[in-house]
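Here's the structure, in structure tokens; my notes come after.
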Amino acid sequence: MEQQELLQEISTLLQKGRSPKVKELVQQAVDAGISPKVILEEGLLAGMGIIGEKFKNNEVFVPEVLVAARAMNGGVEVLKSRLVEAGVETKGVVVIGTVKGDLHDIGKNLVKLMMEGKGLEVVDLGVDVSPEAFVAAAKEHHANIISCSALLTTTMGEMKNVVDLVKADPELAGKVKVMVGGAPVTEAFCQKIGADCYTSDAASAADAALRFCME
């Protein structure tokens with residue numbers, strides 16, 4: 001199989017969620033001397049990007065996204081040590097979590113998958129995350145972005161607390177972007193609390209995060 005054909009096959013199988021086969025072909029690509037960065041970008045991330053677009057257009061749904069992400073993570077596992085050796089850096093770091101008082105995580109998990117599918121490193125703090133924990137993690141991991149999720153109108157206010165803490169912190173102010181999302185969140189709310197970005201779906205959130213990291 002030629003290089004381009006092999007990368008295309010990795011992308012296609014990833015979209016179908018064929019995890020063992022993806023791992024096998026990634027190993028094959030490595031053995032054939034294809035650079036880890038090329039395998040990652042033109043095989044794995046290319047496939048996940050297509051899934052992200054299809055998800056945005058309602059052509060695939062959450063289960064398909066989850067199996068594709070599992071296949072991608074399997075492929076990345078094979079490449080991990082080689083990517084480090086080759087000095088391939090992540091495109092950016094995002095700290096993500098559901099805000100304090102809120103225990104919903106399906107939306108957050110999808111956003112995480114989509115962001116990882118763009119080649120971003122995502123630090124997942126889980127649910128019920130305090131503003132202080134977001135800020136501490138952003139400093140610890142040298143994050144470009146803090147991404148906050150909420151599903152309850154009663155917990156949305158916590159997003160403002162995160163924005164205020166970031167703006168008050170000399171280490172983070174003007175450097176770390178705050179993204180917000182979740183069912184009750186709107187563009188108007190985002191502007192009102194002074195956050196940097198609101199998106200209505202997971203795939204758009206990943207696109208926006210990648211743009212911020214490339215700035």
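The values are calculated or read from the model by the stated rules, or taken from the named source; none is laboratory data. If you're wondering where the values come from, they're calculated on a predicted model, not measured in any experiment. Counting neighbours? That spans all protein chains shown, and the Cβs are built from the backbone with ideal geometry, glycine included. For accessibility, only protein heavy atoms count, side chains too; no ligands or nucleic acids. Shrake-Rupley method; radii C 1.70, N 1.55, O 1.52, S 1.80 Å.
Across the chain, the mean sequence separation of Cα contacts (distance under 8 Å, 6 or more residues apart), normalised by length, yields a relative contact order of 19 percent. Protein heavy-atom accessible surface, 1.4 Å probe, per residue over the stretch 92-155: 39 Å². Residues whose amide H falls under 5 Å from that of Val127, counting only those 5 or more places apart or on a different chain, are Thr98, with hydrogens built in the peptide plane.
Taking the chain as a Gaussian network of alpha-carbon nodes connected by springs under 10 Å, the highest mean-square fluctuation of the residues Asn58, Asn73, Asn144 belongs to Asn58. With a threshold of 26 Å on the Cα-Cα distance, the over-threshold entries among Lys21/Lys177; Lys108/Lys177; Lys56/Lys100; Lys118/Lys192; Lys167/Lys192 are Lys21/Lys177; Lys56/Lys100; Lys118/Lys192. Qualifying GluC sites (Glu not before Pro) in the stretch 35-69, where qualification requires a DSSP coil assignment and no more than 11 other C-beta atoms within 10 Å, comprise Glu59.
Straightening the chain between Ala133 and Lys167 buys 10.7 nm, computed as 0.36 nm per residue apart minus the Cα-Cα spacing. Working note: Karplus 6.51/-1.76/1.60 with θ = phi - 60° gives the stretch 209-215 the couplings 4, 5, 4, 4, 6, 8, 5 Hz, where Gly and Pro are set to x. Here the 3J(HN,Hα) profile of the stretch 56-63, calculated from phi with Karplus coefficients 6.51, -1.76 and 1.60 at θ = phi - 60°, is 4, 8, 6, 8, 10, 10, 3, x Hz, Gly and Pro shown as x.
By accessible area, using a 1.4 Å probe on protein heavy atoms only, the stretch 20-60 has 50% of its surface on carbon and sulfur.
With distances taken between every two different alpha-carbon atoms, the stretch 6-150 has a Kirkwood hydrodynamic radius of 15.8 Å. When you filter the trypsin sites (Lys or Arg not before Pro) in the stretch 84-148 for DSSP loop state and at most 14 other Cβ atoms inside 10 Å of their Cβ, nothing is left. Here each label is just a point 7 Å from Cα along the line to Cβ, and for Gln8 and Thr90 those points are 3.2 nm apart.
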